[in-house]
Protein chains: 2
Amino acid sequence: MQIIQSKNELRKAVKSVKRKGKTIGFVPTMGFLHQGHLSLIRRAREENDIVVVSIFVNPTQFGPNEDLDAYPRDAQRDSDLMVAETVDIAFYPTVDALYPKGYTTYVEVQGPMTQVLCGRSRPTHFRGVTTIVTKLFNLVSPDRAYFGQKDAQQATVIQQMVRDLDFDLQVVVCPIVREADGMAMSSRNTYLTPGQRADAPMLNRALLDTKEMIEKGERSVAVVSRNIEKQISGIEDATIDYVAVVNAHTLEEMEMLSGEMLVALAVKFGRTRLIDNIRIEV
Amino acid sequence: MQIIQSKNELRKAVKSVKRKGKTIGFVPTMGFLHQGHLSLIRRAREENDIVVVSIFVNPTQFGPNEDLDAYPRDAQRDSDLMVAETVDIAFYPTVDALYPKGYTTYVEVQGPMTQVLCGRSRPTHFRGVTTIVTKLFNLVSPDRAYFGQKDAQQATVIQQMVRDLDFDLQVVVCPIVREADGMAMSSRNTYLTPGQRADAPMLNRALLDTKEMIEKGERSVAVVSRNIEKQISGIEDATIDYVAVVNAHTLEEMEMLSGEMLVALAVKFGRTRLIDNIRIEV
């Protein structure tokens, strides 16, 4: 595995790959890799000649009071995991290289898609995501880029951006990977206390419950949402940020349940904010 | 010359060029080509294997009360001129192809650079420019892109965007091309009445005068600006939008004249807004 820090070195490596007519699969990450990331890397490995993974905790997608400094990092473990998955290039840029003095350009998907769900409590988050992903796409020139369904809104926003800005690449969204007890894998799970960790799978159970209700015929958004809220409000230490039932493609709110839906939630366990979601089609 | 309307066809053509290891020089235009555009095309022709010119009157860079609908168009003449310059690919996308229903993503260079000069009277103009240029860069994958010094602020903003978003291409800024009487070439000159056309070269004369003053030792921004304002206010039918003396790289205002400066102005002749500028170094 080639470990690259500099943008110029990466560009050289990418050009040499492209000249040979080989395809590039790209997995952008913030590191502290878990099975969710590894599932993206494996999919990229299957579908492309060359796999590039970036490890970069992107400051522009964190709000002023969020966990940028506390975000978990383990470069050695990440590197070992990537080697085991036969990643070709691990890109570890520095903050100064990607956001030099005088940096001032942002890419923004405007409108409701970035204002609902996580966008409501994290108003500059998606602007940071689309900006860094644009930069990484320009540096890596991938044929396919892999994102997790765990961050459903992020995946939708990036698909919109790729379409709108005419990026010549395919966005591949991979299923959520869960722990044995159903908790969605996340680098932030490491923040949880043992008690919170024990309660966290209740988010997934509430979503599965919802799926069952809808499959049994429930069509009221209000009834479904109230049921999730009731289940979560029973968890000690948990505060609901949002529970939402939206159109899976546009993220717009629905009046009646129909078509492809996304049931998504964000819940704070103490200071740790967890998200989870499920796609349902009727 | 290959005339291409569809994005997919363009992508195919670009890929075939790239596979052969050839370089692409790109000249984005709004059509109604004049000698200024042709100078960019010639420079691109000299420096690259393949020359791509886009002809697209970009709606997102026009304000609600600007001249989008009136903007001059002459596809046949443009085509003849491009053929004469041995352009390889002329790209004529439609508005619907570049801004389909539901389009919502914008690229923005934030901060003073886009708020001063033309940005003051055209608050969404540069957002439209950086958005369309990003899209065209993604479609054309140029090695070099050519812009005119006539739109000095645009060139500076695009250089900032290319640097910030890590586009792997070189921005080449070419000198202003002028009519025999000194008037800067512009597609909008066609709007001028004969009387306005006769007076318009006074903009260039005021700039040349300024250069002489500065070269003779004048260092006061106020004195220089007042001199230009005085000359222009003597023109019948002319209203000053701005006269500015700024740092040529950052477009920031200067207290004392020094280093590389840009003296820029925008003047309305009736409803026709003309811009011109001169670079001066002391």
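Every test in (1) surrounded by fewer than 16 Cβ atoms within 10 Å (Cβ to Cβ); (2) touching a residue at least 40 places away in the same chain (Cβ under 8 Å); (3) more than 14 Å from chain A (Cβ to nearest Cβ) is passed by residue B:6 save one, and that test is (3).
Within region A:177-185, can one find any residue that is more than 14 Å from chain B (Cβ to nearest Cβ), crowded, with 22+ Cβ neighbours inside 10 Å and modelled with pLDDT of 95 or more?
Scanning region A:177-185, I find at least one residue that is more than 14 Å from chain B (Cβ to nearest Cβ), crowded, with 22+ Cβ neighbours inside 10 Å and modelled with pLDDT of 95 or more, so the answer is yes.
Against the test of being more than 14 Å from residue A:98 (Cβ to Cβ) and in contact with a Phe, Trp or Tyr (Cβ under 8 Å, 6 or more places away or on another chain), the options A:21, A:31 yield a single qualifying residue, A:31. When residues in region B:108-119 are screened for being without any contact (Cβ under 8 Å) to a residue 12 or more places away in the chain and either more than 9 Å from every other protein chain (Cβ to nearest Cβ) or among the hydroxyl-bearing types (Ser, Thr, Tyr) (or both), 1 of them pass.
Comparison of A:11, A:77 shows that the only residue that is within 13 Å of chain B (Cβ to nearest Cβ), surrounded by fewer than 18 Cβ atoms within 10 Å (Cβ to Cβ) and among the charged types (D, E, K, R) is A:11. If you take the residues in region A:150-160 that are hydrophobic (A, V, I, L, M, F, W, C) and farther than 21 Å from residue A:24 by Cα, which one is nearest to the other protein chains (Cβ to nearest Cβ)? In this case the residue turns out to be A:157. Note on region B:221-279: residues that are within 19 Å of residue B:187 (Cα to Cα) and either surrounded by fewer than 16 Cβ atoms within 10 Å (Cβ to Cβ) or modelled with pLDDT under 95 (or both) amount to 3. Residues that are among the hydrophobic types (A, V, I, L, M, F, W, C) and either more than 24 Å from the chain's Cα centre (by Cα) or part of a strand (DSSP E or B) (or both) within region A:1-21 comprise A:1, A:3, A:4, A:13, A:14, A:17, listed in sequence order. Taking region A:24-59 as the range and being of a type in the set (Phe, Trp, Tyr) and crowded, with 23+ Cβ neighbours inside 10 Å as the test, only A:26 passes.
Residue-by-condition table, conditions (1) touching a helix residue (DSSP H, G or I) at 6+ places or on another chain (Cβ under 6 Å); (2) away from every other protein chain (no Cβ under 11 Å):
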| residue | (1), (2) |
| --- | --- |
| A:96 | no, yes |
| A:99 | no, no |
| A:104 | no, no |
| A:121 | no, yes |
| A:127 | no, no |
| A:138 | no, no |
| A:148 | yes, yes |
| A:162 | no, no |
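All conditions in (1) within 14 Å of chain A (Cβ to nearest Cβ); (2) not in a helix (DSSP H, G or I) hold for residue B:173, with the sole exception of (1).
Quick check on region A:158-173: of everything there that is buried (at least 20 other Cβ atoms within 10 Å of the Cβ) and in contact (Cβ under 8 Å) with a residue 40 or more places away in the chain, which residue is nearest to residue B:11 (Cα to Cα)? Out of the qualifying residues, it is A:165. Among the residues of region B:138-157, count how many are crowded, with 19+ Cβ neighbours inside 10 Å, hydrophobic (A, V, I, L, M, F, W, C), within 10 Å of the chain's Cα centre (by Cα) and within 23 Å of residue A:101 (Cα to Cα). Residues meeting the conditions: 1. Taking the stated definitions as given, is residue B:193 within 14 Å of chain A (Cβ to nearest Cβ) and farther than 20 Å from residue B:31 by Cα? The answer is no for residue B:193.
Filter region B:113-153 for residues that are in a loop (DSSP other than H, G, I, E, B) and farther than 16 Å from residue A:134 by Cβ and give the result. Can you show your working first?
At the first step, the residues of region B:113-153 found to be in a loop (DSSP other than H, G, I, E, B) are B:115-117, B:122-124, B:141-143.
Passing the criteria: B:115, B:116, B:117, B:122, B:123, B:124, B:142, B:143.
Only residues that are closer than 19 Å to residue A:141 by Cβ and among the aromatic types (Phe, Trp, Tyr) were counted across region A:1-60, and they come to 2. When region B:187-218 is filtered for residues that are under 16 Å from residue B:237 (Cα atoms), in a helix (DSSP H, G or I) and not hydroxyl-bearing (Ser, Thr, Tyr), the ones remaining, listed by number, are B:189, B:194, B:195, B:196, B:197, B:198, B:199, B:201, B:202, B:203. Checked against the criterion of being in a helix (DSSP H, G or I) and either on the phi > 0 side of the Ramachandran plot or of a type in the set (D, E, K, R) (or both), the candidates A:43, A:73 yield just one match: A:43. Taking residue A:64, is it under 25 Å from residue A:188 (Cβ atoms), in a loop (DSSP other than H, G, I, E, B) and out of contact with any helix residue (DSSP H, G or I) (no Cβ under 9 Å at 6 or more places or on another chain)? So residue A:64 passes the test.
The values are calculated or read from the model by the stated rules, or taken from the named source; none is laboratory data. These numbers come from a predicted model, not from an experiment. Don't worry about glycine lacking a Cβ; one is built from the backbone with ideal geometry, like all the others, and counts go over all protein chains shown.
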